[in-house]
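Please treat every number below as a calculation from the coordinates, not as lab data. Note that the structure is a prediction, hence the values are computed from the model and not measured. Neighbour counts are summed over all protein chains in view; Cβ atoms, including those assigned to glycine, are modelled from backbone coordinates with ideal geometry.
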Amino acid sequence: MKLPYDEMSAADGSRRAHYEPFSRWLESTPEEIIARKREEADLTFHRVGITFAVYGEDAGAERLIPFDIVPRIIPAHEWKVLEAGLRQRVKALNAFLHDVYHDQEILKAGRIPADHVLKNELFRREMIGVNVPGNIYCHIAGVDIVRAGEGEYYVLEDNLRTPSGVSYMLEDRKMMMRLFPELFAQQAIAPVEHYPDLLLDNLRSVAPAGISDPTVVVLTPGQFNSAYFEHAFLAQQMGVELVDGNDLFVREGRVFMRTTAGPRRVDVIYRRIDDDYLDPLAFKPDSVLGVPGLFDAYRRGHVTLANAVGTGIADDKSMYIHVPEMIRFYCGEEPIIANVPTRELRKPDDLKYVLDHLSELVVKEVHGSGGYGMLVGPTASKEEIRLFREKIIAAPEKYIAQPTLALSTCPTFVESGVAPRHIDLRPFVLSGTGGVTMVPGGLTRVALKEGSLVVNSSQGGGTKDTWILEK
Amino acid sequence: MLSSTADHLYWMARSMERAENTARMLDVTYRMSLLKHSTLEPAQEWSAILSISGLQYEFAQSYPEINAENVMRFMVMDEDNPASIITSLHNARENARAERGMITSEMWEVLNATWIEMKTKRDAGIPPDGISAFFDWVKERSHLSRGIAHGTMLRGDAFRFIRLGTFFERADNTARILDVKYHILLPSLDEVGGAADYYQWGALLRSVSAFEAYRKVYRDVITPRRVAELLILRADMPRSLHACINEVNRLVQEINGSRSSEVQRLIGMLHAELRFGRIEDVITQGLHEYLTSVVSRLYAVGDQVNRTYFWPSDD
């Protein structure tokens, strides 16, 4: 079988030019020094407590996400294309969200079947006609990009609800600079450390009209959420309050936080709580995480939620297939980064094809996330395939299927030494009234198990620092 | 500052201080129980621990008999006991975890490491000859966390709420320990104690690190009256009620915000009494009555602190 595209080495075994300085360093540095540095990284992450909680294990369990010291390096010319592609994609997604909650031009034009949107459970009727500042819906997008075949990039997934991982991007960089300062002197690596500043600027830019010095907060479901570390980290880095539902209350359509000096008005909420749990009066009535009356204040335009309510309709896996069409419709351009060819199992032809080729395909639940509820055909057992087949036949509309992409690999430290492991990339794209911005970089996730294509941290994935070269 | 943040920081510090005080109390009682001189029934000493913490009922739910082993187990390792050392250290750590962004990383790391070490000790078990070393360890971790707060934290409201928690807990503990010990040691103040009482009073002083201070201040034999004076009224004795309330009084004036006037009034009154009070009047009133009243007034201030800062009504 043909080897997947490797980030460091070309097919003939030669080093790619942009990895040249790093691989020279790797080869010339004694093993024990590297072993010591790796140990130091582990210890530091543990002591500092950069952990995430794992659902389903004993309550409150915390685990470290493994960090790998071999960076993922992207040359400047590739990043330029990626950046343009991300900008284009996120612009189109924002335009789409504004459109479907207002005039629905794209549906009227027949470019996307209306049923796919209007009958989707992620379409929030409550948002129809609601105006949000700057018509921005996905203020923070985490777009998952993979590389396959001869090295071409694909968008695997758009995460427009509460994408996480940016804290690891920042902590991984800090760790690399601490462990290997000499490497940063050899190559011009674009900085990412200003992400919190960009994020704060971006959030302030979308405050309700007429507020000159907006108060921003980060809203977390609480310390037992898997991404709590990140919520606390971002609040601290931006210098804003980290709040949970109990810290906020709504009076006369305005949102306040309870402080030791009395109630204080809140203007922008970077919320890391799903739509369903935001407000028990508007959504799930039994939610204890949210704030009663919050949605009403939001609809009246007295507070901005980032991301907006209802963005799920644009990043749903069944909507993913339509994003290229959105780009053509709203931007009048061809997509710069391609989609992975995707089959919709609601279509009889596609369903038949998929059922006949289950052992070759990746099948995903339309509403699933975090690597749960998916079948990776080539690595699944016969029994797993049989069970999944039953699930598909019972409700084909709940699934999509994609070819098993030979994700690119990057050399990674594993028990037996350095070996290639599959990776992906999640850049974080910010949209505000000042336009679309991003730091050059993202979170590189790596599947540590040999041959595994699942990079999610909840499934044993690790992370790497991502270097975008400046030239 | 967010009300919930202030609440977490306050309880973080209170829990750590509570662990320390519990360790002090158990350590001294344990040492006393090793002395043959004691005039008290062993069960009486151990039940005093439960009354100081107000936990007689909780104890009786799970333990058939009051004895050294059971009370120790209950107060050190019982995770169902809300005031045990292990629960307190866990609470300190969880409150810190909730406010990692508000405390210095050193502060977080010391509480996190303390909890991790505590779990190791729990799983390994504490050998009988290691119990005093364990109490020393708890005290040291508490000293360390207080020192780190003092040495690394910005002098803002976060720091003030941490200090507030420390001194509240300490005042409460000093009042309770004095009350209970006085009560069982000296049903009547006129009774003259023998050598055994000397050890008992010495032990009480040691439990609040006041034995050497007593010597320096009075240069004389230990008498119950002076012990009471030292632990209630001496402003220069760091675990006395007066010293603790001095700090609390100063802190509530420094905390930002206009909502604290009732807190200030209540604590100011208590402060004035401690500052201008005389031990003769305390004894005349009855020490037990006096201390009971102090504890209940502390409780009232605590309640007002709660309503003012931690759980304010929304208007």
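Brief remarks follow.
- With at most 10 neighbouring Cβ atoms within 10 Å, loop trypsin sites (Lys or Arg not before Pro) (DSSP) excluded, longest segment of chain B: B:37-154
- Near A:ASP356, once Lys and Arg are set to +1 and Asp and Glu to -1 for all other residues with Cβ below 13 Å from its Cβ, the sum equals 0.
- On full extension, the segment bounded by A:LEU3 and A:LEU355 gains 124.1 nm, given 0.36 nm per residue less the C-alpha separation.
- Under the simplified labelling scheme, the A:ARG251-B:GLU69 pair shows an inter-label distance of 5.8 nm, with each label point 7 Å from Cα along Cα→Cβ.
- Relative intensity, log₁₀ I(q)/I(0), of the protein assembly as shown from a Debye sum that treats every alpha carbon as a point, q = 0.06 Å⁻¹: -0.49
- 3J(HN,Hα) along region A:257-268, derived from phi through the Karplus expression 6.51 cos²θ - 1.76 cosθ + 1.60 where θ = phi - 60°, amounts to 10, 7, 10, 5, 9, x, x, 10, 5, 10, 10, 10 Hz, with x in place of Gly and Pro.
- Zone of A:ALA190's modelled label, taken as backbone nitrogen in region A:423-445 under 15 Å from a point 7 Å along Cα→Cβ: A:425-430, A:436-444
- Reducing region A:142-163 and region B:68-106 to their Cα centroids gives an inter-centroid distance of 44 Å.
- Label-point separation in nm, A:VAL288 to B:TRP311, each point 7 Å along Cα→Cβ: 1.4
- Gyration tensor verdict on region B:3-310 (Cα atoms; rounded if a/c is under 1.5, prolate if a/b is larger than b/c, oblate otherwise): oblate
- Exposed-site-free run, longest, chain A (rule: GluC sites (Glu not before Pro); DSSP loop; at most 16 other C-beta within 10 Å): A:334-414
- Least to most buried among A:HIS302, B:HIS242 (fewest other Cβ within 10 Å first): A:HIS302, B:HIS242
- Amide H contacts of A:THR444: A:ARG426, A:LYS464, A:THR466, each under 5 Å away and 5 or more positions distant or on a separate chain (H built 1.01 Å from N in the peptide plane; Pro and chain starts excluded).
- Using θ = phi - 60° in the Karplus curve 6.51 cos²θ - 1.76 cosθ + 1.60, the 3J(HN,Hα) couplings for region A:213-225 round to 10, x, 9, 10, 9, 9, 9, 10, x, x, 6, 9, 6 Hz; x is entered for Gly and Pro.
- Label zone at A:VAL81 (point 7 Å along Cα-to-Cβ), backbone N below 14 Å, region A:128-159: A:146-155
- Couplings for region A:437-446, taken from phi via the Karplus curve 6.51 cos²θ - 1.76 cosθ + 1.60 with θ = phi - 60°, read 10, 7, 8, x, x, x, 9, 9, 9, 10 Hz in order; Gly and Pro are left as x.
- Percentage of interatomic Cα-Cα distances in region A:102-171 larger than 16 Å: 69
- Per residue, the convex hull around the alpha carbon atoms of region B:199-312 comes to 108 Å³.
- The alpha-carbon of A:LYS317 sits under 18 angstrom from the alpha-carbons of these lysines, leaving out residues fewer than 8 places away in its chain: A:LYS119, A:LYS347, A:LYS364, A:LYS391, A:LYS398.
- Label-to-label distance, B:GLU79 versus A:SER28, with points set 7 angstrom from Cα along the beta-carbon direction: 5.3 nm.
- Gyration tensor verdict on region A:343-403 (Cα atoms; rounded if a/c is under 1.5, prolate if a/b is larger than b/c, oblate otherwise): rounded
- Each part gets one Cα centre, and for region A:429-471 versus region B:1-37 those centres are 45 Å apart.
- Three semi-axes describe the equivalent ellipsoid of chain A; taken as square roots of 5 times the Cα gyration tensor eigenvalues and ordered largest first, they are 35, 29, 22 Å.
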